[in-house]
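*Asks:* Handing you a structure now.
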Amino acid sequence: MTERPRLAVIGAGPAGLAASLAAAEHGVAVTLVDAAEEAGGQFYRQPAAALGARRPQALHHQWRTWRRLRSGLDRQLAAGRVTHLTGHHVWCVERESDSGRFAVHALRGPAQEEGVVVRADAVLLATGGYEKVLPFPGWTLPGVVTAGGAQAMLKGGLVLPGRTAVVAGTGPLLLPVATGLAAAGARVAALVESADPRDVLRRPSALAAQPGKLAEGARYAALLLRHRVRTLVRHTVVEAHGTDRLEAVTVAALDAQGRVGPGSERRVPCDTLAVGHGMLPHTDLAETLGCRLSGTDVYVDDEQRTDVPGVWAAGETTGIGGAALALVEGHIAGRSIAARLRGTAPDPRAWAAAGRARARLRGFFAAVDAVYAPPPGWADRVTHDTVLCRCEEVTAGEVRTAVDELGAGDLRTVKLLTRAGMGWCQGRMCGPAVAGVAGCPLTAARRPLARPVPLGVLAGSEEDLE
Amino acid sequence: MNPLELADARPGPGFPVTFDGRTIEALPGQTVAAALWTAGITAWRTTRGTGRPRGVFCGIGVCFDCLVTVNGRPNQRACLVPVRPGDTIRTQEGTGHDD
């Protein structure tokens, strides 16, 4: 019996799981590498086992799909076709020049100081995304958290950041965050959305492609009503107030040009602001491998292949589109990988239904993306003394000086002149903020190491897991 | 209603840890950040430049705003590090290497 070819899947969210299952069912040995202790990614983030949650589905959507993925994974684990490495933080993937195989470098252990390396014939990048937050005065106060962060802490740790929350920003994520916090016992004083979700209805092509989304929207509307959450559309949070922690926010109405309506400001007392303005893909591993990007997304072809041979990508890392899209992309990637690793060209008819769903969902999310764009005037409302780069404490005023007086015209030059983007997070959080205030495009930053790595590990002290 | 009730959670017995010398109770399975939030604490770092308070921001290990000193070791992401019985958690001042 010949040995199965080995695939390393980075990320155990919907895309990574769907790909692992499809590849394992079609003759591939899969090593699933993930930072979390439980599979699921952000969308299906599970409460820690020791919390003994008997009804985790109360915090989730599309739980039936999760059960199907989880039982599929359990079957493949039992059959020895999938190895799941939990608590492994991948910091670099490289092609080894001698063997042509891939080396996946990860950190593990309680302090993430033990280096390990996994070798594979092919790699699927399913690294997901993270939340984009645009700055406003007061956004660095404790009590201001990302909308996804509030949800992650709730799903994973069964905790709330405070008693009274405002959920604000723009995008479809705000709905489950507001209803989730309310269901868990927080008082949600307001859901503040800068776009008008009804604009999605005015794009009939999008809804015709995805009619189920209309019902989903109606379900959220009913939940908001049940929890007595006041929803303010075409409104924005203009400032967060407090000295050492959040005490209130000022909310204001926006006109069609994105300007704050004079006299529309009102103060809403709260101890929590969950805020988000959409998502960005994690592309560090792809960039280090030399994969081409399209805008901020990893470019893939119809088989979910990147332009680097042996490297596939699926889910949010190839463009933000939600869990359902990640599942079909992962499935297609897994089928393609299984065929290509046998040295044959796959027959796309084998995944025709998934291919149609992918096209529909991508179309729908393109329309959603257009509707939930940040209001045009947001960058002008950022005061000079507002911190943009949270790590290096660089203010909007410093960034404007770099642009207006020193001639910086791109993120890299702004960084060199101000240190914005040079800190712990490597510009992940401030990238959109600095680009918006500086008036330059948001470009993907090259980060050879996807996370901080101990020098000993860099010096070559790694355990080989092969 | 609270999140534990919503998920019908039956965690194992809680255990004491300290935050800046004060004893708080943590639950098995929680991260340091979750334990601190449960105790009503939302800030456990001061910034290097202006000494401003910070706590959880992204909640998923990306932003590094929630850095904290645990058992004498600074720069731990509170949203990722599991809390252990007897942990000594301290506010991280600046780089965390000055004290």
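Taken together, the values in this text are just the output of simple stated rules run on the coordinates, not laboratory data. The shown structure was predicted, so the numbers you read here are calculated from the model rather than taken from an experiment. When we count neighbours, we look across all protein chains shown, and the Cβ atoms used for this are built from the backbone with ideal geometry, even at glycine.
*Asks:* Using a/c under 1.5 as the rounded threshold, could you call the stretch A:382-438 rounded, prolate or oblate? The axes a ≥ b ≥ c are square roots of the C-alpha gyration tensor eigenvalues, and prolate needs a/b larger than b/c, oblate otherwise.
*Replies:* oblate
*Asks:* Mind checking which of A:Leu388, A:Cys425, A:Thr401 is farthest towards the positive end of the stretch A:382-438's charge dipole, using Cβ charges of +1 (Lys, Arg) and -1 (Asp, Glu) about the Cα centre?
*Replies:* A:Cys425
*Asks:* Then there is this: Output the relative contact order of the stretch B:12-93, whole-number percent, from Cα pairs under 8 angstrom with separation of 6+ residues.
*Replies:* Numbers: 177 pairs, mean separation 28.8, N = 82.
Reported as a whole number, the value is 35 percent.
*Asks:* Could you give each residue of the stretch A:4-14 its phi-based ³J(HN,Hα) in whole Hz, using Karplus coefficients 6.51, -1.76, 1.60 with θ = phi - 60°, and x for Gly or Pro?
*Replies:* 5, x, 10, 10, 9, 9, 9, x, 10, x, x
*Asks:* While we're here: May I ask you to list the aspartates and glutamates whose Cα is less than 15 Å away from that of A:Lys213, ignoring any residue fewer than eight positions away on the same chain?
*Replies:* Hits, sequence-local ones excluded: A:Asp199, A:Asp369.
*Asks:* Next question, about the same structure. Using the Cα centre of the stretch B:12-93 as origin and beta-carbon charges of +1 (Lys, Arg) and -1 (Asp, Glu), tell me which of B:Cys63, B:Val17, B:Trp44 is placed farthest towards the positive end of the dipole.
*Replies:* The Cα lying farthest towards the positive end belongs to B:Cys63.
*Asks:* If you don't mind, another one. Taking +1 at the Cβ of each Lys and Arg and -1 at the Cβ of each Asp and Glu, which of A:Gln210, A:Gly157, A:Val275 sits farthest along the dipole of the stretch A:133-277 towards its positive end, judged by Cα position relative to the Cα centre?
*Replies:* A:Gln210
*Asks:* How big is the C-alpha Rg of the stretch A:307-397 next to the rule-of-thumb value 2.2 N^0.38 Å, as a ratio? Can you show the working numbers first?
*Replies:* Numbers: Rg = 20.0 Å, N = 91, 2.2 N^0.38 = 12.2 Å.
Rg over 2.2 N^0.38 Å, computed on Cα atoms: 1.63.
*Asks:* Bin width 10 Å, alpha-carbon pairs only: give the P(r) of the stretch A:1-67 as whole percents, running from 0 to the bin holding the largest distance.
*Replies:* 20, 43, 26, 10, 1
*Asks:* To the nearest µm²/s, what D does Stokes-Einstein give for the stretch A:82-150 at 4 °C and 1.567 mPa s, using the Kirkwood radius over alpha carbon pairs as Rh?
*Replies:* Working: Rh = 15.3 Å.
Using the Kirkwood radius from Cα pairs, D works out to 85 µm²/s.
*Asks:* Determine one quarter of the surface area of the Cα convex hull of the stretch A:319-466, which equals its mean projected area, and express it in nm² to one decimal.
*Replies:* On the way: hull surface 53.8 nm².
Its Cα hull, projected and averaged over all orientations, spans 13.4 nm².
*Asks:* What FRET efficiency comes out for the pair A:Ala459/B:Asp20, r = Cβ-Cβ distance, R0 = 35 Å, nearest 0.05?
*Replies:* On the way: r = 36 Å, r/R0 = 1.02.
The formula returns an efficiency of 0.45 here.
*Asks:* Could you size up the charge dipole of the stretch A:382-438 around its Cα centre, putting +1 on the beta carbon of Lys and Arg and -1 on that of Asp and Glu, and report it in debye to the nearest 20?
*Replies:* 260 debye
*Asks:* Using the Cβ atoms and a cut-off under 14 Å, what net charge is assigned to the surroundings of A:Leu160, where Lys and Arg are +1 and Asp and Glu are -1? Write out the running numbers ahead of the final one.
*Replies:* Working: positive: A:Lys155, A:Arg163, A:Arg187; negative: A:Asp271, B:Glu5.
Taking every Cβ under 14 Å from that of A:Leu160, the sum is +1.
*Asks:* Shape of the stretch A:133-277 from its Cα gyration tensor (a ≥ b ≥ c, root eigenvalues): rounded if a/c is under 1.5, otherwise prolate when a/b > b/c, or oblate? Display every interim value, and only then the final one.
*Replies:* Working: a/c = 1.97, a/b = 1.24, b/c = 1.59.
In terms of gyration-tensor shape, oblate.
*Asks:* Remind me, what semi-axes does the stretch A:331-375 give for its equivalent ellipsoid, largest first in whole Å, using sqrt of 5 times each Cα gyration tensor eigenvalue?
*Replies:* Values: eigenvalues 199, 25, 6 Å².
Those come to 32, 11, 6 Å.
*Asks:* Suppose we look only past 33 Å in the calculated P(r) of the protein assembly as shown. What percent of the Cα-Cα pairs does that tail hold?
*Replies:* Values: 64824 of 159330 pairs.
Beyond 33 Å sits 41 percent of the P(r) for the protein assembly as shown.
*Asks:* Would you please calculate the Kirkwood hydrodynamic radius of the stretch B:12-93 over all C-alpha pairs and express it in Å, rounded to one decimal? If you can, show how the numbers build up before the last one.
*Replies:* Working: mean 1/r = 0.0808 Å⁻¹.
Kirkwood hydrodynamic radius for the stretch B:12-93: 12.4 Å.
*Asks:* OK, next. I'd like to compare A:119-125, A:32-38: which one has the highest average count of other Cβ atoms within 10 Å, and what's the full order after that?
*Replies:* Values: A:119-125: 25.4, A:32-38: 23.0.
Ranking, from highest mean packing down: A:119-125, A:32-38.
*Asks:* Going by a 4.7 Å Cβ-Cβ cut-off, which cysteines of chain A have no partner at all?
*Replies:* A:Cys92, A:Cys270, A:Cys291, A:Cys391, A:Cys425, A:Cys440
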